[in-house]
Structures are given as C-alpha cells and as structure tokens.
1. Which condition number does Ile197 fail, the rest of (1) under 14 Å from the mean Cα position of the chain (by Cα); (2) open to solvent by 70 Å² or more (accessible area, probe 1.4 Å); (3) of a type in the set (A, V, I, L, M, F, W, C) being met?
2. Do you know which residues across region 120-148 are exposed (fewer than 15 other Cβ atoms within 10 Å of the Cβ) and of a type in the set (A, V, I, L, M)?
3. Among the residues of region 154-168, is any of a type outside the set (A, V, I, L, M), under 30 Å from Glu69 (Cβ atoms) and touching a residue at least 12 places away in the same chain (Cβ under 8 Å)?
4. Of the residues Leu186, Leu126, only one is more than 22 Å from Arg88 (Cβ to Cβ), in contact with a Leu (Cβ under 9 Å, 6 or more places away or on another chain) and in a loop (DSSP other than H, G, I, E, B); which?
5. If you take the residues of region 154-178 that are touching a strand residue (DSSP E or B) at 6+ places or on another chain (Cβ under 7 Å) and on the phi > 0 side of the Ramachandran plot, which of them is surrounded by the fewest Cβ atoms within 10 Å (Cβ to Cβ)?
6. Would you point out which residue out of Arg112, Arg151 is touching a residue at least 12 places away in the same chain (Cβ under 8 Å), open to solvent by 70 Å² or more (accessible area, probe 1.4 Å), part of a strand (DSSP E or B) and among the charged types (D, E, K, R)?
7. Can you spot a residue in region 49-58 that is more than 22 Å from His158 (Cα to Cα) and more than 18 Å from the chain's Cα centre (by Cα)?
8. Take the conditions farther than 14 Å from Gln121 by Cβ and out of contact with any Ser or Thr (no Cβ under 8 Å at 6 or more places or on another chain) and apply them to Ala25. Does it pass?
Amino acid sequence: MPETGRPKIVLASGSEIRAGLLAAAGLAPDIRPARVDEDAIRAALEADGAGGRDLADALAEMKARKISEKDPTALVIGCDQILDCEGRIFAKPADIDEARDHLRALAGRTHRLYSAAIVCQAGTPLWRHVGTVRLTMRDISDAYLDAYLHRNWDSVRHSVGCYKLEEEGVRLFSRIEGDYFTVLGLPLIELLTWLGIRGDIAT
C-alpha cells in the first residue's frame, strides 16, 4: 500500500529482478507488465536509424504510458534494456543455439548496456534516465561456452546478452565500467533520488 498522501507506484515490467530491487529498497510497487510488441517496435525504430540508447528509452516510455493511461493517478515505471556491440543490437535469444551465437559474437569485445527507466503519470512522462555500462567480455573457449549454457540456460534464456552478473555470468568478463544496478536493468539510485526529491518516498 502507498504511504498516506503519496501516489501508488506501479512497475510496468514482469522482471523479477527489477521488482526485487525495488522491494529490497523498501518500495512495494504493484506489478503490472505492459504488453507491447517489442520486436515490431524495435524493428521500426532501427529502420529509422535509432541507436541503442534511443531504443531503450522509447520502449521504456511505451510500456510506462500504456499502464499509466489505465491508472492515471499512479506513478508508473517503465523499463527496457538494450545491448549494443559495435552497432549491432542484440535481443533476447530465441533458443540455446542463438544464445551460443550471441556469446561468440560478444566474446573478446566491449559492448554497451543501455538501461532506461521512465516514470509516467496520466500518460505523461515526468522523469527519464538511461544508464550506460561498458562491459568487456573475455575470450571464451567453445568447451566452456557449451558447459556454461548447459548449466545456466534456464536462468539466462530471458536475459539480453545471455548472462547475469549476479550468477556465473560474472566469469565471462574481464572489465566492467558502470553501475551494477544498471547492469541488472534498472538505474535504481537515480530513480530513488528523484522519488525522494519529489517526496514520493520517505527520505
């Protein structure tokens, strides 16, 4: 329940990780995943020349707006994460074979993760932030790659990049530059700071 006099907070995402981060920070958002055709939207935006940062921002806004229009008094958080490696945009893998191809393409290279968060009220964006993290993946042997996917497929199948830093995926990297929460898919510090300044959460 929201604190007296403060708006209800809604997370327009089905991500258990994002929900867990907010819950651990002392928030109790309603969870209402926004149903949007991400593949079609991403393809249209890419055709118009949008880069990774703009894709993440636009998809997060669409999700927040959709739920916000149905519950106009709530503060609705929309999120999206895009992986960009040397101009190639990576989506979630369709199957384990595509996951293997993705990891082979990322191995030995530096890629960027863009994690966008938008807050809407009554269908209007009030705040937005796109966090960026640079991650350098080490070279990976075929034997380790196959074993890694065999052990972790159920966990990473819904993850862009096919890894989770909070799990064995951390072993894939030689360097990470940026905020840990952004890697997890939510620029949490920036979001909490904004909510606190507005008085929407206790500080």
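1. (1)
2. Once the filter is applied, which keeps residues that are exposed (fewer than 15 other Cβ atoms within 10 Å of the Cβ) and of a type in the set (A, V, I, L, M), region 120-148 yields Ala122, Ala143, Ala147.
3. Of region 154-168, the ones of a type outside the set (A, V, I, L, M) are 154-155, 157-159, 161-164, 166-168.
The next check asks that each one be under 30 Å from Glu69 (Cβ atoms); those that pass are 158-159.
Imposing the further condition that a residue be touching a residue at least 12 places away in the same chain (Cβ under 8 Å) reduces the set to 158-159.
Yes, region 154-168 contains at least one residue that is of a type outside the set (A, V, I, L, M), under 30 Å from Glu69 (Cβ atoms) and touching a residue at least 12 places away in the same chain (Cβ under 8 Å).
4. Numbers: Leu126 fails: in a loop (DSSP other than H, G, I, E, B).
Result of the check over Leu186, Leu126: Leu186.
5. So the first thing to find is which residues in region 154-178 are touching a strand residue (DSSP E or B) at 6+ places or on another chain (Cβ under 7 Å), and the list is 160-161, 172-178.
Subsequent filtering for residues that are on the phi > 0 side of the Ramachandran plot retains 161, 178.
On the way: Gly161: 24, Gly178: 15.
Taking the candidates together, the pick is Gly178.
6. Details: Arg151 fails: part of a strand (DSSP E or B).
Of Arg112, Arg151, the one residue that is touching a residue at least 12 places away in the same chain (Cβ under 8 Å), open to solvent by 70 Å² or more (accessible area, probe 1.4 Å), part of a strand (DSSP E or B) and among the charged types (D, E, K, R) is Arg112.
7. Within region 49-58, the first condition is being more than 22 Å from His158 (Cα to Cα), and the residues that meet it are 49-50.
The next check asks that each one be more than 18 Å from the chain's Cα centre (by Cα); those that pass are 49.
Scanning region 49-58 turns up at least one residue that is more than 22 Å from His158 (Cα to Cα) and more than 18 Å from the chain's Cα centre (by Cα).
8. Details: farther than 14 Å from Gln121 by Cβ: yes; out of contact with any Ser or Thr (no Cβ under 8 Å at 6 or more places or on another chain): yes.
Here the answer is yes, as Ala25 does meet what is asked.
The values are calculated or read from the model by the stated rules, or taken from the named source; none is laboratory data. Because the structure is predicted, anything quoted here is derived from the model rather than measured. For neighbour counting, all protein chains shown are included, and Cβ atoms are generated from backbone atoms with ideal geometry for every residue, glycine included. Please note that ligands, DNA and RNA were not included when accessible areas were found on the heavy atoms of the full protein model with its side chains. Shrake-Rupley method; radii C 1.70, N 1.55, O 1.52, S 1.80 Å.
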